[in-house]
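Scroll down for the structure; my scribbles are underneath it.
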Amino acid sequence: MTTDATGADVTEQALASLRTTADPRLRELLTALVRHLHDFARETRLTQEEWERAIAFATATGQACTDTRQEFILLSDVLGLSMLVETLHGDRAPGATESTVLGPFHMTESPVRELGADIDLVGGGEPCVVSGRVRSEDGTPLPGALVDVWQADDKGFYDVQQPGVQPPGNGRGLFTADAEGRFWFRTCVPAAYPIPTDGPVGGLLRATGRHPYRPAHIHFIATAEGHTPVTTHIFVAGGDYLDSDAVFAVKQSLVQDFAETDDPALAREFGVPNPFRHADFDLVLERAA
Ligand code: BEZ
Ligand code: FE
């Protein structure tokens, strides 16, 4: 029988071509993708010129990727896809720390640091202390838990965005929680910052009249034996853009007070000038099934 690749017929043919896919999950994903892409083109009556622009945009997005830049993750982030995927699988036990997007800047290993170390290797920002406990959902402390931390500097740039300006590892640290599951480190209060806008994703934001800012935050990945790791942030309470994050990643439970603290003895203990800002919160992990 001859085929006639027009209209609905091409959709049927494209779907039929996938039936030989051996991996059932891959078959399911590709089948849904083709169905949705064809419906999208039909619904919008996509023109040849628009299709060519879309291909050029995807090509430029790929070409903007390097060892230290992931423009495709950024695209997924600003379209809300990263957060949607994260939320679809983010169900946690009540009380467990909520997760949020990984983002594109965790592409380099965090240097191992002692508890109490300063991850702000440059200085200049407002000093602060971040502390807390890693514990299980039932309250049991998790000694030896790993707490991987990364943040932008006080001007809103990650070390990997400014090679030669910031030392590698600035704003990053891999800490091991003590015998009571506690962690603490010094840093500067993070600032709100724009996601990179000098590539295709920046063009998309401008075309849609959107601002590129993320509210001030610090990233964490907490890992402990027998528990599900959590990838998350803490956001600075009261900061700008908490209700218009360019990547839709704010969850209210993650907004933390960076409290003005006037306590000379505590400042001495942490090795910071008094007064200082202090964020204290627990990272609560769910027991692995
Ligand atoms: C970040 O917070 O590092 C980030 C997340 C998504 C897009 C860009 C940056
Ligand atoms: Fe970030």
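Which residues, counting only those in the range 176-196, are of a type in the set (A, V, I, L, M) and either over 13 Å from residue 217 (Cβ atoms) or in contact with a helix residue (DSSP H, G or I) (Cβ under 7 Å, 6 or more places away or on another chain) (or both)?
Across the range 176-196, the qualifying residues are 177, 179, 195.
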query: Can residue 246 be described as touching a Lys or Arg at 6+ places or on another chain (Cβ under 6 Å) and within 15 Å of ligand 2 (Cβ to nearest atom)?
result: yes
- prompt: From the residues in the range 57-74 that are more than 16 Å from ligand 2 (Cβ to nearest atom) and part of a helix (DSSP H, G or I), which one is nearest to residue 207 (Cα to Cα)?
  reply: 57
- request: Tell me which of these residue 289 doesn't satisfy, since it passes every other one: (1) under 19 Å from residue 91 (Cβ atoms); (2) surrounded by 16 or more Cβ atoms within 10 Å (Cβ to Cβ).
  value: (2)
query: Taking the range 224-280, which residues are in a helix (DSSP H, G or I), under 25 Å from residue 98 (Cα atoms) and either in contact (Cβ under 8 Å) with a residue 40 or more places away in the chain or in contact with a His (Cβ under 6 Å, 6 or more places away or on another chain) (or both)?
result: 253, 254
query: How many residues are under 13 Å from the mean Cα position of the chain (by Cα) and over 26 Å from residue 169 (Cα atoms) if we restrict to the range 56-75?
result: 0
field: Long-range neighbours under 7 Å by Cβ, at least six apart or interchain, first residue closer than 18 Å to residue 283 by Cα and among the β-branched types (Val, Ile, Thr) within the range 95-115, second part of a loop (DSSP other than H, G, I, E, B) and near ligand 2 (Cβ under 10 Å from one of its atoms)
entry: 100/249; 101/247; 101/249
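For residues that are in a loop (DSSP other than H, G, I, E, B), closer than 25 Å to residue 62 by Cβ and not small (Gly, Ala, Ser), tally how many sit in the range 187-210.
So the answer is 6.
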task: Scan (1) buried (at least 16 other Cβ atoms within 10 Å of the Cβ); (2) closer than 23 Å to residue 246 by Cα for the single condition residue 88 breaks and write down its number.
output: (1)
- prompt: Among the listed residues 86, 114, which satisfies the condition of being within 16 Å of ligand 2 (Cβ to nearest atom) and among the charged types (D, E, K, R)?
  reply: 86
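Throughout, read-outs are computed from the coordinates displayed, never taken from laboratory work. Since the structure is predicted, the reported quantities are computational estimates derived from the model, not experimental observations. Counting neighbours? That spans all protein chains shown, and the Cβs are built from the backbone with ideal geometry, glycine included.
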